[in-house]
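J.: Got a structure here, written out as structure tokens. Questions coming.
No lab work stands behind these numbers, since they all come straight from the coordinates. Bear in mind the structure is a predicted one, so any value in this text is a computation, not a measurement. Positions of Cβ are backbone-derived with ideal geometry, glycine not excepted, and every protein chain shown enters the neighbour counts.
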Amino acid sequence: MPKPPSEKFKQAELAKIHIAKKELGMDDATYRAMLMQLTGFSSSKDLNAHERGKVLEHLKKSGFQGKQPGEPNNLSSSSPRAAKLGKIEALLADGKLPWAYAVAIAGRMYGKERLEFCADDELTGIITALVKDQKKRKARSPDETQ
């Protein structure tokens, strides 16, 4: 029997809390003390939706960034694909663009919903499109400052 949507959402929030704990380098004692201070519970499994939201908000204020919408799941691997995804990330950062921009390019050019679904040559095509876009933006930039 499939889990109800509320249970799936709860599991996703709990996973995010634990990812934040790991990303922030919190040891177990610090993590449990933070939970106790914010919610009165020492385990995230006991939290209701409001309390999970409160914990996540605190973790974000503490520096947890989490994944941006559209950011690929396989970005941190050591594969050649990761190098291309890293290049895409750098081009997006240079243009102050969100991951959703690259996902939109993948959709327009290749009919792909996510970057994870793109083949190596398609990732190269997205890089090319982003480089061309970057050149256009830089060409327009001097005119705007005059």
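J.: To the nearest µm²/s, what D does Stokes-Einstein give for region 80-145 at 20 °C and 1.002 mPa s, using the Kirkwood radius over alpha carbon pairs as Rh?
T.: 176 µm²/s
J.: OK, next. Mind putting a number on the dipole of region 5-61 about its Cα centre? Charges go on the C-beta only, +1 for Lys and Arg and -1 for Asp and Glu, and I need it in Debye to the nearest 20.
T.: 140 debye
J.: Also, quick follow-up: Local charge sum around GLU57 (other residues, Cβ-Cβ under 12 Å, Lys/Arg +1, Asp/Glu -1)?
T.: Around GLU57, the charge tally is +3.
J.: Among residues other than ASP94 whose Cβ falls under 11 Å from its Cβ, what is the net charge (Lys/Arg +1, Asp/Glu -1)? Can you show the working numbers first?
T.: Details: positive: LYS87, LYS96, ARG137, LYS138; negative: GLU89, ASP133.
Value of the local net charge: +2.
J.: Report the convex hull volume per residue for region 5-61, counting only C-alpha atoms, in Å³.
T.: Taking only Cα atoms, region 5-61 has a hull volume of 68 Å³ per residue.
J.: Still on this structure, please answer the following. Expected output is a single nm value to one decimal: the length gained when fully extending between LEU24 and ASP121, i.e. 0.36 nm times separation in residues minus the C-alpha distance. What is it?
T.: 31.4 nm
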